[in-house]
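Asks: This is the structure I want to talk about, given as structure tokens.
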Amino acid sequence: MTPPDEEPAPLPPYVIENARSGRSKCKTCRKTIDKDALRLGVLVEGPFGEGHMWHHLTCAAGALLPKVEQAYEREAWNAAKVPPDPADLPTLESLRELGAAAQAARAEKEANKLVIPYAEIAPSDRSKCKQSGDPIPKGAVRIVLGKSAQFGNQTRTSAFAVLPQHVGDALADEEIATEAVGLAEQLRANSRIDRELLEAAIVEIGEL
């Protein structure tokens, strides 16, 4: 116990340890960190003071590689209450490879991200037209428009999928951020479906 007139020792910026229980959750993947699994603690300032935010060590390599590198430079396993066996630690090089793979996957996902507005093929029969409420059959073309939503001081645009014949009605809604002018050209530029299906959907949308 710390004597009353003595300041408690500051918490280390990083800790690498085997999880002491199965109660913590990884802040990267949101899954439970099993007891004895290697985890990285990153010191953060919270509403009740400082504390460590925990991540699976491998998850941290994919999302927070610079922090993992700093933790290894500091030999952060020595800051653990029960330091793990260094032989059980993955090499920094292997963690860097995980980080590079994760970065490449994120870049590919971003490159493949569709820009609103676009047309797509409904992958199942579970969706409904956001404008009319009609079911959208599997394999049917649906048009994804942008709908504005306010989150605090920020305005975000979310996907608003409608059947082609209801696009005109949807565009009349002031919350729809997509403009009628130039819509056909934007759909042609942004969509990745069969061109004949796309052109048929544009015809079905009609004059706006």
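The values are calculated or read from the model by the stated rules, or taken from the named source; none is laboratory data. Just so we're clear, the structure is a prediction, and the values are computed from it rather than from any experiment. Cβ: placed from backbone, ideal geometry, glycine included. Neighbour counts: every protein chain shown.
Asks: Scan the range 38-67 for residues that are surrounded by 15 or more Cβ atoms within 10 Å (Cβ to Cβ) and part of a helix (DSSP H, G or I) and report the count.
Replies: So the count comes out to 9.
Asks: Only one of Ala189, Ala122, Ala161, Ala149 is over 23 Å from the mean Cα position of the chain (by Cα) and of a type in the set (Gly, Ala, Ser). Can you tell me which?
Replies: Values: Ala122 fails: over 23 Å from the mean Cα position of the chain (by Cα); Ala161 fails: over 23 Å from the mean Cα position of the chain (by Cα); Ala149 fails: over 23 Å from the mean Cα position of the chain (by Cα).
When all the criteria are applied, what remains is Ala189.
Asks: Quick check on my filter: what residues within the range 109-136 are part of a loop (DSSP other than H, G, I, E, B) and aliphatic (A, V, I, L, M)? If you could, list the steps in order and put the result at the bottom.
Replies: Initial filter on the range 109-136 (part of a loop (DSSP other than H, G, I, E, B)): 112-117, 122-127, 129-134, 136.
Selection gives Leu114, Val115, Ile116, Ala122, Ile136.
Asks: Moving on to the next point. Tell me, which helices (runs of 4 or more DSSP H) wholly within the range 162-208 include 3 or more residues that are of a type outside the set (A, V, I, L, M)?
Replies: Once the helices (runs of 4 or more DSSP H) in the range 162-208 are filtered for at least 3 residues that are of a type outside the set (A, V, I, L, M), what remains is 183-190, 195-205.
Asks: While we're here: In this structure, does Lys113 turn out to be over 16 Å from Arg39 (Cα atoms), under 17 Å from the mean Cα position of the chain (by Cα) and either at pLDDT 95 or above or not aliphatic (A, V, I, L, M) (or both)? Give the derivation first.
Replies: On the way: over 16 Å from Arg39 (Cα atoms): yes; under 17 Å from the mean Cα position of the chain (by Cα): yes; either at pLDDT 95 or above or not aliphatic (A, V, I, L, M) (or both): yes.
Yes; evaluated as a whole, the condition is true for this residue.
Asks: Give me the pairs: first residue in the range 79-93 and surrounded by fewer than 15 Cβ atoms within 10 Å (Cβ to Cβ), second residue part of a loop (DSSP other than H, G, I, E, B), beta-carbon distance under 7 Å, and six or more apart or on different chains, which are they?
Replies: none
Asks: Have a look at Arg142, Arg74 and point out the one that is closer than 25 Å to Pro8 by Cβ, more than 23 Å from the chain's Cα centre (by Cα), surrounded by 11 or more Cβ atoms within 10 Å (Cβ to Cβ) and charged (D, E, K, R).
Replies: On the way: Arg142 fails: closer than 25 Å to Pro8 by Cβ.
Answer to the check: Arg74.
Asks: Which of (1) in contact with a His (Cβ under 8 Å, 6 or more places away or on another chain); (2) in a strand (DSSP E or B) is the odd one out, the single condition Lys147 does not satisfy?
Replies: Tallying (1) in contact with a His (Cβ under 8 Å, 6 or more places away or on another chain); (2) in a strand (DSSP E or B), Lys147 fails exactly one: (1).
Asks: From Gln70, Gln103, which residue is farther than 24 Å from Arg20 by Cβ and either part of a helix (DSSP H, G or I) or touching a Cys at 6+ places or on another chain (Cβ under 7 Å) (or both)? Give the steps one after another, and end with the answer.
Replies: Working: Gln70 fails: farther than 24 Å from Arg20 by Cβ.
Unique residue meeting the criteria: Gln103.
Asks: Among the residues of the range 86-104, are any of a type in the set (Asp, Glu) and not assigned by TED's automatic domain parsing to the domain that holds Leu65? Steps first, please.
Replies: As a first pass, look at the range 86-104 and keep what is of a type in the set (Asp, Glu): 88, 93, 97.
From the residues that got through so far, the ones that are not assigned by TED's automatic domain parsing to the domain that holds Leu65 too are none.
No; the residues of the range 86-104 include none that is of a type in the set (Asp, Glu) and not assigned by TED's automatic domain parsing to the domain that holds Leu65.
Asks: Among the numbered criteria (1) over 17 Å from Ser24 (Cβ atoms); (2) assigned to a loop (DSSP other than H, G, I, E, B), which one does Val82 miss?
Replies: Condition (1) is where Val82 drops out.
Asks: Answer with yes or no whether Ala184 is in contact (Cβ under 8 Å) with a residue 24 or more places away in the chain and of a type in the set (Gly, Ala, Ser). So that I can check it myself, show each step before the final result.
Replies: On the way: in contact (Cβ under 8 Å) with a residue 24 or more places away in the chain: no; of a type in the set (Gly, Ala, Ser): yes.
No: the conditions fail for Ala184.
Asks: Scan the range 17-41 for residues that are over 25 Å from the mean Cα position of the chain (by Cα) and closer than 19 Å to Glu69 by Cα and jot them down.
Replies: Glu17, Asn18
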